[in-house]
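Data first, discussion second: the structure below is written as structure tokens.
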Amino acid sequence: VNRFSWIEPEDVQGALLAGALEGALFKAGGVDVADRLKEGLEAPSALVNLRRLGELDFLREEDGALVIGPLVTLHRLATDEKVLRSARALALAAGAAATPQIRNMATVGGNLAQRPRCWYFRNEHFHCRKKGGTHCFAIDGEHEFHSIFDNSICAAVHPSGTATALVALGAEATLRSSKGERKVPLEELFTPAEKDVTRENTLQHGEIIAALRVPRAERSSYSKLMQKQSFDWPLAEAAVSLVAQRGMVTAARIVLGAAAHVPRRALAAEKSLTGRILDESAIADAARLAVDGATPLQRNGYKVDLFKTLVRDLLAEGARP
Ligand SMILES: Cc1cc2nc3c(=O)[nH]c(=O)nc-3n(C[C@H](O)[C@H](O)[C@H](O)COP(=O)(O)OP(=O)(O)OC[C@H]3O[C@@H](n4cnc5c(N)ncnc54)[C@H](O)[C@@H]3O)c2cc1C
């Protein structure tokens, strides 16, 4: 039986104070939190409900960037004109996640901080490395959907599609706790397994994602490949953001999702594009380099080709404005 108190704060300050209590856990849409409680993954002493805090629900344009509150739902991100116009990859990623019902509940803050869907991690009977154990059951077990990069300690992949898009868009997160505020490039929020396999991000206890700042992208896009063609988790997903002048790429960000413990930037592929015309040979080089260094496991080598295809197709689409 899960026994916990329910804290309904009146404002953000109250939420931060409550969130700092020992054993407290923030809840936004509750999609992931409810699953984790049901799966016996954790037993918080209190749930702090952020959901009704209007102060955290905003989406506006400011100095050439989008500023997004953590309570903005995936549905709103997928359909808002401002997001479609200046952060198309984010709108596509949000719209491709889960089901319409879940997208109405799920918030972007919760999406970024959700925990991985590795079936061993989600099963209370497996005391895996993520739970402080000494073994990754996926590496020698069922790992068809698991990571193909940096997977020698833990093979779980990062679950967030919006993270893939937001890292490609160069977003910055504002984090707040009762002790103060800090800003971090979003990609630095996520924790590689070598650093701390029990965590996916560097959020401290009692700290929330209070806002996201997403610079306006000239051209960006996102795509996802699934086993079932509807309402499924990605086998592979990728997001691309490009700046080009007279057909020549001047800056590129390419991020692979469901590939590693963190949303993974394909740095060699990005570098190979810079200064080149986005033609067939530049695209083929970038697609090949995007999977450079992959270490697929026995039964997920097929994902290498999926990522190559995704990157090739996204670049061929020219990451439309
Ligand atoms: C069938 C199904 C399919 C799905 N498919 C996809 C998919 O394809 N792609 C994808 O990306 N997701 C997918 N999801 C996951 C779903 O999108 C997430 O569970 C959801 O976005 C979590 O958001 P939430 O607001 O409900 O978070 P909650 O469940 O409320 O919280 C999740 C975590 O985030 C923390 N948290 C919440 N808000 C904040 C904040 N502001 N600051 C810091 N921490 C916070 C909570 O403490 C908790 O640890 C799927 C889920 C289901 C059930």
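The values are calculated or read from the model by the stated rules, or taken from the named source; none is laboratory data. As the structure is a computational prediction, the values presented were derived from the model and not from experiment. Cβ coordinates were reconstructed from backbone atoms using ideal geometry, including for glycine residues, and neighbour counts include every protein chain displayed. Areas reflect the complete protein model, heavy atoms only, side chains present, ligands, DNA and RNA absent. Shrake-Rupley method; radii C 1.70, N 1.55, O 1.52, S 1.80 Å.
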- Cα pair count fraction exceeding 22 Å, expressed as % - segment 241-321: 20 percent
- From highest to lowest solvent-accessible area (probe 1.4 Å; ligands, DNA and RNA excluded), H143, H135, H127 read H127, H135, H143
- Item | Per residue value of the accessible surface for segment 179-251 (all protein chains in place, 1.4 Å probe), Å² | 52 Å²
- Task: Provide the solvent-accessible area of I153, counting protein heavy atoms only and rolling a 1.4 Å probe, rounded to the nearest 10 Å².
- Result: 50 Å²
- Item | Full-stretch length increase - D313, W119 - with 0.36 nm per residue and alpha-carbon distance subtracted | 66.8 nm
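Just flag the trypsin sites (Lys or Arg not before Pro) in segment 191-293 sitting in loop per DSSP whose Cβ has no more than 13 other Cβ atoms within 10 Å.
K195, K228, R246
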- Phi to ³J(HN,Hα) by Karplus 6.51 cos²θ - 1.76 cosθ + 1.60 over segment 37-43, Hz, x for Gly, Pro: 5, 5, 7, x, 6, 8, 9
- Tell me, what is the per residue accessible area of segment 113-160 in Å², probe radius 1.4 Å? 43 Å²
- Task: Among the GluC sites (Glu not before Pro) in segment 251-321, which ones are in a DSSP loop with at most 14 other Cβ atoms within 10 Å of the Cβ? Mind listing them?
- Result: E317
- Message: Restricting to Cα pairs below 8 Å that are 6+ residues apart, what does the relative contact order work out to for the chain? Please round to a whole percent.
- Response: 17 percent
- Which value in deg cm²/dmol, rounded to the nearest 500, describes the helix-derived mean residue ellipticity at 222 nm for the chain, given -39,500 (n - 2.57) per DSSP H run of n ≥ 4 and division by the residue count? -8000 deg cm²/dmol
- Query: Under a 5 Å amide H to amide H cut-off, with H placed in plane at 1.01 Å, what residues pair with L66 once short-range neighbours are removed?
  - Reply: V214, R216
- Task: Would you mind checking the radius of gyration and Dmax of segment 28-102 based on alpha-carbon positions, in Å?
- Result: 14.7, 45
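Which of the pairs K38/K303; K130/K195; K131/K195 have their Cα atoms more than 20 Å apart in this structure?
K38/K303
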- Please report, as a whole percent, how much of the solvent-accessible surface of segment 154-250 comes from carbon and sulfur atoms (probe radius 1.4 Å). 47 percent
- Message: To test your reading of the geometry: what angle, between 0 and 90 degrees and rounded to tens, separates the Cα axis of helix 280-290 from the longest principal axis of the chain?
- Response: 40 degrees
- Principal axes of the chain: Cα extent on each, largest first, Å: 59, 49, 34
- Item | Heavy-atom SASA rank of S45, S272 (probe 1.4 Å, accessible area, largest first) | S45, S272
- Message: Taking the 0 to 90 degree range and rounding to the nearest ten, how far is the long axis of helix 302-316 tilted relative to the main principal axis of the chain, both from C-alpha atoms?
- Response: 70 degrees
- Message: Could you derive backbone 3J(HN,Hα) for segment 167-183 from the dihedral phi with the Karplus parameters 6.51, -1.76 and 1.60 (θ = phi - 60°), listing whole Hz in sequence and x where the residue is Gly or Pro?
- Response: 5, 4, 7, x, 6, 10, 9, 9, 10, 10, 9, 5, 8, x, 10, 9, 10
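So what's segment 63-135 giving for Cα Rg divided by 2.2 N^0.38 Å, two decimals?
Here the Cα radius of gyration is 1.43 times the empirical estimate.
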- Nonlocal amide H pairs with F26, under 5 Å, H built at 1.01 Å: V48
